[in-house]
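**Student:** Structure provided below as structure tokens; questions to follow.
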Amino acid sequence: MTPIMVATVSGLLAGTGSSATGTDGLFVDEQTAEVAEGLSRTESVGHGSTWLELERVVGSCGHDGWDGYGATAISGYSLTVAARLLFVLPIGVTAPTVSVDPDGEVSYEWYTSASRVLSVSVGADGMLHYAARVGASRHHGAEPFLGHFPTVILDLVRKVA
């Protein structure tokens, strides 16, 4: 896991930040980073393969023109929110595949078949834009990321996966 991902995951667990300073604060930060990295590598808790996919797209989409057609570099804020969203994905819920849109936003997709698919694009503004097809039904919308996995999107994940 790259230092960027460890820092991102550490921020997820630390979330509100440590109020300790000096040696105590440094110790807490180091321990948090160690726990976060361990959790992120486990399949049952951290959706390990999805973390690796997220790390891969950071490496390949971190500069403008990464697709050969002028795509925008991955958005740092979109990456941060995407990592936090993955971290709060409940245990037992199928992990998504990861990609980056040409506008630099991270996208997650749950795909079972052409009639059972959900795509969630993590906006640089923290909004989660989603579109799904579940049988004959179609769903779309946007939800703010408020630190937990939005119920409407989680319900769609469970219907699709």
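Read the figures in this text as sums done on the coordinates, not as results from a lab. Nothing here was measured: the structure is a model prediction, and the numbers come from that model. Quick reminder, even Gly has a Cβ in these numbers, built from the backbone with ideal geometry, and neighbours come from all protein chains shown.
**Student:** Using beta carbons and a limit of 8 Å, which pairs, at least six apart or on different chains, have the first residue in the range 141-161 and more than 10 Å from LEU128 (Cβ to Cβ) and the second one hydroxyl-bearing (Ser, Thr, Tyr) and loosely packed, with under 15 Cβ neighbours inside 10 Å?
**Tutor:** What qualifies is VAL157/THR94; VAL160/TYR111; VAL160/THR112; ALA161/THR94; ALA161/THR112.
**Student:** In addition: If I filter the range 117-135 for residues that are exposed (fewer than 13 other Cβ atoms within 10 Å of the Cβ) and either over 19 Å from GLY62 (Cα atoms) or within 17 Å of the chain's Cα centre (by Cα) (or both), do I get at least one hit?
**Tutor:** Of the residues in the range 117-135, the ones exposed (fewer than 13 other Cβ atoms within 10 Å of the Cβ) are 135.
Checking the rest, the ones that are also either over 19 Å from GLY62 (Cα atoms) or within 17 Å of the chain's Cα centre (by Cα) (or both) come to 135.
The answer is yes; a qualifying residue exists.
**Student:** Starting from the range 86-99, keep only residues that are in contact (Cβ under 8 Å) with a residue 60 or more places away in the chain and β-branched (Val, Ile, Thr), then list their pairs with residues that are outside any helix (DSSP H, G or I) and surrounded by 13 or more Cβ atoms within 10 Å (Cβ to Cβ) whose Cβ atoms are within a distance under 6 Å, requiring at least 6 positions of separation or different chains.
**Tutor:** Close Cβ pairs (under 6 Å, with a partner that is outside any helix (DSSP H, G or I) and surrounded by 13 or more Cβ atoms within 10 Å (Cβ to Cβ)) amount to VAL88/PHE149; THR94/ALA161.
**Student:** How many residues, within the range 103-123, are of a type in the set (Gly, Ala, Ser), over 15 Å from LEU54 (Cα atoms) and out of contact with any Lys or Arg (no Cβ under 8 Å at 6 or more places or on another chain)? Reasoning before the result, please.
**Tutor:** Just the residues of the range 103-123 that are of a type in the set (Gly, Ala, Ser), to begin with: 104, 107, 113-115, 119, 121, 123.
When the remaining residues are screened for being over 15 Å from LEU54 (Cα atoms), the result is 113-115, 119, 123.
Narrowing the set further to residues that are out of contact with any Lys or Arg (no Cβ under 8 Å at 6 or more places or on another chain) leaves 113, 119, 123.
Looking only at that region, the number is 3.
**Student:** In the range 61-79, what residues are surrounded by 19 or more Cβ atoms within 10 Å (Cβ to Cβ) and touching a residue at least 40 places away in the same chain (Cβ under 8 Å)?
**Tutor:** CYS61, SER75, SER78, LEU79
**Student:** Another question, then. Being among the small types (Gly, Ala, Ser) and part of a loop (DSSP other than H, G, I, E, B) is the filter here, so list the residues in the range 50-79 that pass it.
**Tutor:** Across the range 50-79, the qualifying residues are GLY62, GLY65, GLY68, GLY70, ALA71, ALA73, SER75.
**Student:** Let me ask another. If I go through the range 128-161 residue by residue, how many of them are of a type in the set (Phe, Trp, Tyr) and part of a strand (DSSP E or B)?
**Tutor:** As a first pass, look at the range 128-161 and keep what is of a type in the set (Phe, Trp, Tyr): 130, 145, 149.
Next, only the ones that are part of a strand (DSSP E or B) stay: 130.
Summing the residues that are of a type in the set (Phe, Trp, Tyr) and part of a strand (DSSP E or B) in the range 128-161 gives 1.
**Student:** On to the next question. Those residues that are assigned to a loop (DSSP other than H, G, I, E, B) and either among the aliphatic types (A, V, I, L, M) or crowded, with 23+ Cβ neighbours inside 10 Å (or both), I need them from the range 80-91; list them, please.
**Tutor:** Initially, the range 80-91 is screened for residues assigned to a loop (DSSP other than H, G, I, E, B), giving 88-91.
Within the range 80-91, VAL88, LEU89, ILE91 meet the criteria.
**Student:** Considering (1) closer than 25 Å to ALA71 by Cβ; (2) surrounded by fewer than 20 Cβ atoms within 10 Å (Cβ to Cβ); (3) not hydrophobic (A, V, I, L, M, F, W, C), say which one SER113 fails and leave the rest.
**Tutor:** (1)
**Student:** Just one of the numbered conditions (1) surrounded by 17 or more Cβ atoms within 10 Å (Cβ to Cβ); (2) in a loop (DSSP other than H, G, I, E, B); (3) among the polar types (S, T, N, Q) is not true of THR94; which one?
**Tutor:** Single failed check for THR94: (1).
**Student:** From the residues in the range 106-127 that are small (Gly, Ala, Ser) and in a loop (DSSP other than H, G, I, E, B), which one is farthest from ARG158 (Cα to Cα)?
**Tutor:** Looking only at the range 106-127, we keep the residues that are small (Gly, Ala, Ser), and these are 107, 113-115, 119, 121, 123-124, 126.
In the following step, the residues that additionally are in a loop (DSSP other than H, G, I, E, B) were identified as 114-115, 123-124, 126.
Numbers: ALA114: 16, SER115: 14, GLY123: 22, ALA124: 25, GLY126: 22 Å.
Once the filter is applied, the top-ranked residue is ALA124.
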